[in-house]
1. Counting only helical runs of four or more DSSP H residues, what would the 222 nm mean residue ellipticity of the chain come to if each run contributes -39,500 (n - 2.57) and the total is spread over all its residues?
2. Largest first and to the nearest Å, give the Cα extent of the chain along each principal axis.
3. Residue by residue, what Karplus-based ³J(HN,Hα) values in Hz, rounded to whole numbers, does region 8-14 have, using 6.51, -1.76 and 1.60 with θ = phi - 60° and x for Gly and Pro?
4. Heavy-atom accessible area of D182 with all protein chains present, probe 1.4 Å, nearest 10 Å²?
5. Which residues among region 171-205 fall inside the zone where the amide N is under 14 Å from a point 7 Å beyond the Cα of R225, along Cα→Cβ?
6. Which loop-located chymotrypsin sites (Phe, Trp or Tyr not before Pro) does region 76-108 contain, where loop means any DSSP state but H, G, I, E or B and the Cβ has at most 15 other Cβ atoms within 10 Å?
7. Which value, in Å² and to the nearest 10, is the accessible area of H140 when all protein chains are kept and the probe is 1.4 Å?
8. Taking the chain as the reference, fit the longest principal axis to its C-alpha atoms, fit the long axis of helix 255-274 to the helix C-alpha atoms, and give the angle between the two in degrees, 0 to 90, nearest 10.
Amino acid sequence: MTPAIQTRELTKYYNDFQAVNNVNLYVEPGSLYGFLGPNGAGKSTTIKMLTGILKPTSGAVELLGGDPWDAAQGIEIKKRIGVVPEDLALFDNLTAREYLAFVGRMHSLDKATIVSRGEELLTLLKLEGVEKKLTVEYSHGMKKKLALAAALLPNPSLLFLDEPFEGVDVVTARSIRDLLMDYVANGSTVFVTTHVMEIVERICTHVGIIANGQLVEQCSLEELRAKTSLENRFIELVGTTEDETPNLGWLDGGNKASAFSSEVSESTVAGETSE
Ligand SMILES: Nc1ncnc2c1ncn2[C@@H]1O[C@H](COP(=O)(O)OP(=O)(O)OP(=O)(O)O)[C@@H](O)[C@H]1O
């Protein structure tokens with residue numbers, strides 16, 4: 001079976017700092033792959049290299065059986081993938097419908113398809129009431145939803161989402177969750193980064209954990225659950241020990257300090273009186 005995503009020794013240096021270190025990802029088609037890691041672990045850097053935004057320093061990427069970095073294959077592969085990047089590159093001065101029309105035209109969809117798919121996506125993501133607003137006036141969560149709608153509009157085989165649940169309300173999170181589960185049930189593949197373990201446990205079929213640029217775990221969620229919970233495994237792989245954790249004994253809301261200062265002022269006053 002051709003993997004949806006495969007990387008070999010994928011590596012990225014920013015000057016002399018190694019952000020991603022020889023990562024070998026393997027994502028089966030039809031899976032919902034959760035890519036986890038602490039802040040600064042290398043998730044966004046990896047997703048940018050997978051989606052053609054950031055050139056790898058070394059190593060190889062294969063998406064849907066082809067090389068997205070190859071001049072001949074790259075455009076065809078990119079037509080088959082959808083991306084919701086971390087920094088949501090939307091055009092500020094378009095409404096949601098105008099933006100979806102633009103994306104649809106870029107993918108050579110006909111007008112009727114753009115309109116019907118666009119309406120369904122806007123309704124599902126609860127953006128249909130704000131069609132007159134320009135995207136520059138959108139809240140962060142609204143921008144996230146529109147970026148997701150735009151990524152899904154061309155019906156991609158493989159969808160990349162960088163933190164889709166960050167900054168969205170509970171109702172929207174559930175809509176996105178359900179939508180992704182339906183999407184993979186039809187044979188498509190999702191690669192998603194998130195910090196929300198609960199969502200990964202609920203919807204993902206596979207998980208990869210990256211720490212300090214290295215892939216330290218990659219397995220099915222079923223396999224992982226047979227041994228421990230996702231949270232325990234994550235902490236085991238990337239957490240700090242209690243010995244290393246500062247206890248912030250000084251953080252008492254000023255209570256100890258004020259008790260001390262009242263003692264001082266009482267003794268000072270007493271001292272002053274005795275003189
Ligand atoms: N343009 C850049 N120039 C230099 N260093 C960078 C650049 N972008 C990211 N880094 C560094 O590379 C490392 C990985 O960053 P990356 O954004 O991939 O992490 P992340 O896992 O997505 O983090 P987060 O969960 O906080 O979004 C970090 O140490 C970061 O400071």
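1. Details: 10 runs with 111 residues, N = 275.
It lands at -12500 deg cm²/dmol.
2. Ordered largest first, the chain gives principal extents of 94, 46, 41 Å.
3. Ordered by residue, 3J(HN,Hα) equals 10, 6, 5, 9, 9, 10, 9 Hz.
4. 100
5. Within reach of a label on R225: 198-205.
6. Working: sites: F91, Y99, F102; in loops: F91.
Passing sites in region 76-108 are F91.
7. Surface open to solvent at H140 totals about 80 Å².
8. Approximately 20 degrees, to the nearest ten.
The values are calculated or read from the model by the stated rules, or taken from the named source; none is laboratory data. What you see is a predicted model; the values in this text were computed from it and never measured. FYI the Cβ positions are ideal-geometry reconstructions off the backbone, even for glycines, and counts take in every protein chain you see. The accessibility values were calculated without ligands, DNA or RNA, using every heavy atom of the protein model including side chains. Shrake-Rupley method; radii C 1.70, N 1.55, O 1.52, S 1.80 Å.
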